[in-house]
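Each remark here refers to the structure printed beneath this line.
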Amino acid sequence: MELSLIHASEERSDGRFHERIRACRLAQVMSQQEVADLAHISVRTLQGWESGRSVPYPSAALRRVAALYRVPARFLLHGYPEEH
């Protein structure tokens with residue numbers, strides 16, 4: 001189980017994380033199972049992210065998924081087009 005610390009200065013998601021993470025997966029033409037296998041996360045975790053039931057805070061898992069999608073993790077969380 002992966003735990004990550006949330007720093008007081010970290011910004012919260014803008015509420016559209018689930019839309020962006022799903023759209024990025026679909027743009028890469030990948031199944032949830034493929035992403036889960038390559039990012040070393042469970043399909044259930046990815047399903048939770050894509051449904052909006054959960055939001056990951058900066059973690060290794062989020063960085064691995066962002067790398068698969070070729071976008072910065074901050075874009076997935078906040079919608080920023082590049083690192084701020």
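The values are calculated or read from the model by the stated rules, or taken from the named source; none is laboratory data. Note that this is a predicted model, so its numbers are computed, not measured. Cβ atoms come from the backbone with ideal geometry, glycine included; neighbour counts cover every protein chain shown.
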Practice task
Quickly run through the stretch 49-62 and pick out the residues that are within 12 Å of GLU19 (Cα to Cα) and either touching a residue at least 60 places away in the same chain (Cβ under 8 Å) or part of a helix (DSSP H, G or I) (or both).
Solution key: TRP49, GLU50, SER51
Handout entry: Search result, residues across the stretch 46-70 that are surrounded by fewer than 18 Cβ atoms within 10 Å (Cβ to Cβ) and not small (Gly, Ala, Ser)
Key = GLN47, ARG53, VAL55, TYR57, PRO58, ARG63, ARG64, LEU68, ARG70
Handout entry: Subset tally (residues that are crowded, with 19+ Cβ neighbours inside 10 Å and not in a helix (DSSP H, G or I)) for the stretch 20-45
Key = 1
Exercise for the section: Output yes when any residue across the stretch 1-16 is at pLDDT 95 or above and surrounded by fewer than 16 Cβ atoms within 10 Å (Cβ to Cβ), and no when none is. Expected result: no
Fill in the blank from the handout: Of (1) at pLDDT 95 or above; (2) part of a helix (DSSP H, G or I); (3) of a type in the set (A, V, I, L, M, F, W, C), LEU76 fails just (1)
Handout entry: Filter result for LEU68 (under 14 Å from ARG22 (Cβ atoms) and either assigned to a loop (DSSP other than H, G, I, E, B) or not β-branched (Val, Ile, Thr) (or both))
Key = yes
